[in-house]
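Quick notes on the structure that follows.
Every read-out reported here was derived from the displayed coordinates using simple, explicitly stated rules and does not represent laboratory data. Because the structure is a prediction, the values reported are computed rather than measured. All Cβ positions, glycine included, derive from the backbone under ideal geometry; neighbour counts span all protein chains shown.
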Amino acid sequence: MRIRVLGSGGADGWPNPWCRCPSCAAALDQGVVRGQTCVLLDDRVLIDLGPTVGLAAARLGVSLRDVDTVLVTHRHRDHHFPQVWVWRYWAREPLRLTVVAPPLVLQDAQPHLDGCLTVAAHPGDAHEVAGYVVRPVDANHPEDAVLYDVTSPDGARLLYATDTGILPDETVEALRDRAFDVVLLELAGTPIPSHLTLESWPGQVERLRAVGAVTATTDVVAIHVGHDNPPPDQLDRALADLGSRAARDGDVIDTARGRTILVLGGQSSGKSAYAESLLGSEVLYLATAPPRDDEDWSRRVAAHIGRRPATWQTLESGDVAGVLRDARGQVLVDDLGLWLTRVLDDHWESSDARSVFDAALAELADAWTTTRAHVILVAPEVGSGVVPATASGRLFADLLGRATTALAGLSDEVHQVVAGQPRRIR
C-alpha cells in the first residue's frame, strides 16, 4: 500500500491565515503549510474530500483521474466538501466511483452521484471495494462519523482515524489483533471531546498497542494536526520522543519499505544530537567509524555514547547496506563520512578508488530505497569553503558530495543543521 498525504492539517489548515497565535506564526516562519486532511491510497482510493483536495493534488503533481473509490468519514466540510463533486462532474469521462460514507454524507452528496455506487458506512460492516476490504468503526464524534480500517489487495493494513478523540471501547475491541502497518491518528490539539491533544494522544496509541492493533513494526503517524499544538518543530520533537511523527502534506508512506531521513551538517554543527532527538527509546545505533588509536577521538566517541539512552543498541560496522537490509524498527547511522573512509581505506592512492566508491554507493542506495526500517543517516558537509590541499582530501570531498546528493534524492526527508539550528529542506 502506498499512502500519499495530500493534506495533513486540521479543519482550518495550519497555519490559519487569520491567526496571530505562536504556532501559526512559527509554521509560517518554518515554511510548514498544511491543508485539510486527505490521503490517497495507491492512486485509487481517496479518503476524505475537503475543499483543498484538488489543489493539493495538483501542487504535488498528482492526478485523481484513476480514483475509483472514495471513503468519507463524516459530513464536516473539511472532510466532505460537496462542491468537489461538481468539479468532478465537469471533468471529461471520469471513472465510475464507489463512495463509502455515513448516511448523512451520502445524503449531502446524492445530487452529484449519478452513476456512482454508494455504500452506507455502518460500524461493524465489512465491504469489499475494488479489491480493498473496508471496515468502518465508531468514532468519538457528535456527528454521524466513522473511522476506517482498510486492508489493501496486497494485505497491507491502514487505520485512518480522524476525527475522534478518546477511542470508544467498542472501537478498540473491534481493532483487536489487526496488526496495522500504518495508523494515521488525529492530533488536532483542540481540547474538545472529539479531538486528541498531546496529552491524550499517547494513551490512545497504548490502548491500540495493548490489543495488538499497534505492534513493534506499525508506523504510527499523527495527522489532522492543527495550531492548538506546539509549533511544528516542537511537535516533531515531542512525537519523536514517542517514536512517532506528524505527517506533512506531500509525505508518502509505502508499506513495502521503511522511511529514510538524511540529516546534513558541518563539523560540530549539532547534526548528530539533532538526529538523535528525532528518535524514540528503541534504536539501533550504527557507528560507522573505523577503529582508531587516538585519545582525542576516544573522548569524542565517549561523549556520543554518554548522551544515548541506555535502551539503545550500538553496532560498530561499515556494512551499512547489509544492516539496512535486515533491520526493522528505528536505526540511526552516524555517519556517512566515516562510512566513506572505510570504503576507501585501501584505495586512497589507487586508480580504482572511484570505481570502488561507485559500487559501494550503488549498494547503499539500493538498501536505502528498500529498507523496511525507519532510518536516519547523519552526513557531514565538506567542500563549502577552502578546497582541500591534498589529492586525498579533494577526492574525499568530491565523493562525499556525490554520495549526499544521490541519497538526498532518494530520501523521504532531508534536514540540515547550521550552528545548532535545524531546518527541514524536504
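Tabulated values for the structure
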| item | result |
| --- | --- |
| V252 versus R328: modelled label distance in nm, points set 7 Å from Cα along the beta carbon direction | 2.5 |
| For segment 42-161, share of DSSP beta bridges that run antiparallel, in % to the nearest 5 | 55 |
| Between segment 99-117 and segment 141-156, the alpha-carbon center distance in angstrom | 17 |
| Rg ratio (alpha-carbon, reference 2.2 N^0.38 Å) - segment 2-254 | 0.94 |
| Projected label distance in nm at R394 and R307, using a 7 Å step from Cα toward the beta-carbon | 3.5 |
| Correct choice for percent of Cα pairs over 42 Å apart that was computed from the model, options [x] 20; [y] 16; [z] 40 | [x] |
| Antiparallel content of DSSP bridges confined to the chain, in %, to 5 | 35 |
| Segment 1-80-segment 326-384 distance, computed between alpha-carbon centres (Å) | 35 |
| For segment 259-424: relative contact order, % (alpha-carbon pairs under 8 angstrom, 6 or more apart) | 40 |
| Order by protection proxy (mean Cβ within 10 Å, highest first), peptides 256-262, 171-177 | 256-262, 171-177 |
| Spin-label proximity, A91 to segment 106-124 - amide N less than 17 Å from point 7 Å beyond Cα toward beta carbon | 112-118 |
| DSSP-defined antiparallel bridges as percent of all bridges, segment 2-254, nearest 5 | 50 |
| Extent along principal axes [Cα atoms of segment 147-233; Å; largest to smallest] | 36, 26, 21 |
| Burial ranking of peptide ranges 213-225, 123-135 (average Cβ count within 10 Å, highest at the top) | 213-225, 123-135 |
| Cα-based radius of gyration of segment 250-371 once divided by 2.2 N^0.38 Å, which approximates compact folds | 1.13 |
| The chain: relative contact order in percent, alpha carbon pairs under 8 Å with at least 6 residues between | 14 |
| Positive-end residue, segment 80-232 charge dipole about Cα centroid, Cβ charges, pick of T215, V129, Y148 | V129 |
| Ordering of 400-410, 139-149 by burial proxy (mean other Cβ atoms within 10 Å per residue, highest first) | 139-149, 400-410 |
| The chain - mean residue ellipticity at 222 nm from DSSP helices (-39,500 (n - 2.57) per run, n ≥ 4, rounded to 500) | -9000 deg cm²/dmol |
| Estimated FRET transfer efficiency when R0 is 51 angstrom, pair D241-E170 (beta carbons, to 0.05) | 0.95 |
| Where N is the number of residues in segment 185-327, Cα Rg divided by 2.2 N^0.38 Å | 1.23 |
